[in-house]
Structures are given as C-alpha cells and as structure tokens.
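Engineer: Take this structure, written in structure tokens, and hold onto it; I'll ask about it next.
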C-alpha cells in the first residue's frame, strides 16, 4: 500500500510511511545488478556486506514490528485513543524518545553516523551466505517487512502515540512512545541502507579492479600468442632479414620487446620501469654470436613471464598506486595501458614482417579474407542474437 493513497492523520506516522517507501526503492537499487558474490562480500575485514546490512534490518525490524503490533492491539483493547487535535499534531518527544532517535539516526549525506552502537545478539544477522540466503530472498523479506511496518503504522493511527509506551527489545529500561518507534525504525533503516550503499560501492570498485586486471592479463596473453604464432611461421633467414638497411628485422623487434619487458616488469611496484642495467639502444643491434634465435626466444619468454608474474600478483587496490617510468609518474592503470599499446605496436610489426615474407604460404592469424560473414554467423551461433 502506498502512503499517498491512504495517508494517516498523524504527521509523524505519515513521515514514517514515506521513509518506509523510500527504503523499498533503496533496497531494490542496492540489489539490482549486484552479482551474488558481491552481495555477500564484505568491503573490508570485520565490515558488513550488503547482505548482512539488509539481513540485520530484517532481523531487528521483524522483532520490533512484533512488539509494536502487540502494543497496538493492547492499546486498542484499552481504548487508548488520542483527541482530534493530538492526532493532527506531531508526536511530542520526551528525553527518552529523543535519545532513541539520536542513537538510531543516519549520518548526514550518507556518511558514517556520529553515534555508532555495537549490534547486540538479538539483532545480530549472522552470515546470510552460510544460511543460503540469496539476494532475492533477503530483498523479499525486507520488502515484506516494509509492508508489515506500514500496516502497523496505519493500525496505530488514532492512538495516543506519545502516551502508549513500548519497551525496547534490547533494553527493558528504554520505554518510549509508540509514535517515536516508527520514526526510530525509519532512521535505523536509513542508517544501515547507507552502510550497505557504502559497502556496495567499495565492493564494486574492487570487482571492477579485479575485472580490469583479469582482462589486462587476457589482452597481454592474446598479444603474446599473436606474436608467437607469427614467429612460428618464419625460418631463421626471415627472422634475421631486413627489408632495407635502416629497417628492423624480426629479431630486432623481439630483442627490443624482451628488453622492455625485463625492464618494465621486474620489481614493477618498487623500482622505476627504466632499469639502470638496460641498454635500449643495444636492443636494436644484433651480436651474431650472442643474439641467436634461441637466445632471443629465451629472453622473449623470460620477459613475458615477468609481466604475467607481476600482473598476477597485483590486487585491485594496487591499480591507483604510483609507479614511475624514467622518473615520470604513472598510475598502475596508466602503465598497463601504456604497455599494452607499446607491445601491440611491436607485435603488429612482427606479424607484418612475417606475413610479408611468407606470402601465399602464410597462415592467417585472424578472420580470413572474404570470410567475414561466415565468421559473423559463427559468432552469432556461439553467443546468440
């Protein structure tokens, strides 16, 4: 039931109903598009996941709703109704009510609240994942709770909202007016929906970072594979041949990429990417005795091995760390993009030189000529329309 269709006479209850309706929308938005793993993943050690925040609201709200329903039924039976003027005015708040609202209020602008209370046993949500609680199940229970709270608020309309006292589930000494409880529950929900929103943002940033790293590794592997498949098609004569005296042979490009890999990715996070022992100019000169194809292949493999080892060890939080190349600062993200571009450029050179040398004997490494439509149809069959 929407609060707009049958608003209660009490402005205090009307405010609570509007906040319950907003909580419905916020909870749906929190869960929408959130992978199951992210729903249950805490953003940090000893922090609550989105799942635990919502489950806590379900557990605490359900227990408090039952207590309010009992109090409303007793008040109705006792005829504890309010006068017309009292019904139309905001509920009067005593010091206990103000204390309750202060202790359950959300922080300003979604930030951490100024007062933080450790969750006690009756309201402890436990581990929703261990109990097999999916996001759909938790959300459904939260939405059902809002319906229950709305029904209770409508049932309470017309009662003496300040005079009917209800004890807290947590502290029997804390006995406050019925109307204040509906407001306090709304504030408590907003507090933990804010907490869930902060958890969601942090977890999704981590998920995005993990995805970025996984994809970067995949792109680098594709580049290496492309280069390897081109190199496998050329003989030694082609490997060392130059198109003209000023051009680089495939061997030069392999030596340069290997040198760059070794320099950039060795001790990636802790040392400058241009190592003191690197001689870049020498990478474009070949020593017939030392720079055999076997030796250059070994250096190529060693360099790529360093890249994959260093990238594989990175965590999402590392992506915005600063590293330097020739003293110039880069974020890790910028460095990854820079190196992808650089290696893509040189692998492309290797493919072009190998393709030129092989001529009609070349085995294509991408979509064959005049077969694009066939390839597109195969991709459609594989991944759907």
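The values are calculated or read from the model by the stated rules, or taken from the named source; none is laboratory data. Keep in mind that this is a model prediction, so the values were computed, not measured. With ideal geometry, Cβ positions are generated from the backbone for all residues, glycine too; neighbour counts draw on all protein chains shown.
Engineer: Taking the residues in segment 265-291 that are in contact with a helix residue (DSSP H, G or I) (Cβ under 6 Å, 6 or more places away or on another chain) and assigned to a helix (DSSP H, G or I) as candidates, determine which candidate is farthest from residue 321 (Cα to Cα).
Structural biologist: Checking each candidate, the answer is 284.
Engineer: Restricting attention to segment 248-271, does a residue exist that is in the same structural domain as residue 306 (by TED's automatic domain parsing), more than 19 Å from residue 99 (Cβ to Cβ), touching a residue at least 60 places away in the same chain (Cβ under 8 Å) and surrounded by fewer than 16 Cβ atoms within 10 Å (Cβ to Cβ)?
Structural biologist: Yes: segment 248-271 contains one or more residues that are in the same structural domain as residue 306 (by TED's automatic domain parsing), more than 19 Å from residue 99 (Cβ to Cβ), touching a residue at least 60 places away in the same chain (Cβ under 8 Å) and surrounded by fewer than 16 Cβ atoms within 10 Å (Cβ to Cβ).
Engineer: Here's another thing I want to ask about it. Within segment 91-109, track down each residue that is under 29 Å from residue 143 (Cβ atoms) and exposed (fewer than 15 other Cβ atoms within 10 Å of the Cβ).
Structural biologist: 102, 108, 109
Engineer: Can I ask one more? Among the numbered criteria (1) surrounded by 12 or more Cβ atoms within 10 Å (Cβ to Cβ); (2) not in a helix (DSSP H, G or I), which single criterion is violated by residue 301?
Structural biologist: Exception for residue 301: condition (2).
Engineer: For segment 134-156, check the following and say yes or no: at least one residue is modelled with pLDDT under 95, part of a helix (DSSP H, G or I) and in contact with a helix residue (DSSP H, G or I) (Cβ under 7 Å, 6 or more places away or on another chain).
Structural biologist: Taking every residue of segment 134-156 in turn, none turns out to be modelled with pLDDT under 95, part of a helix (DSSP H, G or I) and in contact with a helix residue (DSSP H, G or I) (Cβ under 7 Å, 6 or more places away or on another chain).
Engineer: Continuing with this model, one more query. Going by what's in this entry, would residue 219 be described as over 21 Å from the mean Cα position of the chain (by Cα), modelled with pLDDT of 90 or more, within 30 Å of residue 346 (Cβ to Cβ) and surrounded by fewer than 21 Cβ atoms within 10 Å (Cβ to Cβ)?
Structural biologist: yes
Engineer: Counting only residues that are without any contact (Cβ under 8 Å) to a residue 12 or more places away in the chain, closer than 16 Å to residue 220 by Cβ and surrounded by fewer than 13 Cβ atoms within 10 Å (Cβ to Cβ), how many does segment 310-339 have?
Structural biologist: 1
Engineer: Moving on to the next point. I need a count of the residues in segment 306-331 that are in contact with a strand residue (DSSP E or B) (Cβ under 6 Å, 6 or more places away or on another chain) and either closer than 15 Å to residue 214 by Cβ or part of a helix (DSSP H, G or I) (or both).
Structural biologist: So the count comes out to 1.
Engineer: Okay, moving on. Would you confirm whether or not segment 237-252 contains a residue that is under 25 Å from residue 332 (Cα atoms) and part of a helix (DSSP H, G or I)? Step through it out loud before you land on a result.
Structural biologist: Residues of segment 237-252 under 25 Å from residue 332 (Cα atoms): none.
Looking through segment 237-252, none of the residues is under 25 Å from residue 332 (Cα atoms) and part of a helix (DSSP H, G or I).
Engineer: Among the residues of segment 41-69, count how many are at pLDDT 95 or above and farther than 22 Å from residue 170 by Cα.
Structural biologist: Matching residues across segment 41-69 total 3.
Engineer: Would you be able to say whether some residue in segment 48-62 is under 18 Å from residue 137 (Cβ atoms), surrounded by fewer than 19 Cβ atoms within 10 Å (Cβ to Cβ) and without any contact (Cβ under 8 Å) to a residue 40 or more places away in the chain?
Structural biologist: no
Engineer: Moving on. Between residues in segment 94-117 that are under 29 Å from residue 164 (Cα atoms) and residues that are at pLDDT below 85 and exposed (fewer than 13 other Cβ atoms within 10 Å of the Cβ), which pairs lie under 7 Å by C-beta distance while being six or more apart or on different chains?
Structural biologist: What qualifies is 102/115; 103/115; 103/117; 107/114.
Engineer: Return the residues of segment 365-376 that are more than 15 Å from residue 231 (Cβ to Cβ) and part of a loop (DSSP other than H, G, I, E, B); say none if nothing qualifies.
Structural biologist: The initial filter retains those residues of segment 365-376 that are more than 15 Å from residue 231 (Cβ to Cβ), namely 366-376.
Answer for segment 365-376, where residues must be more than 15 Å from residue 231 (Cβ to Cβ) and part of a loop (DSSP other than H, G, I, E, B): 366, 367, 368, 369, 370, 371.
Engineer: What are the residues in segment 23-45 that are under 18 Å from residue 191 (Cα atoms) and free of Cβ contacts under 8 Å to residues at least 60 places away in the same chain, if any?
Structural biologist: 25, 29, listed by residue number.
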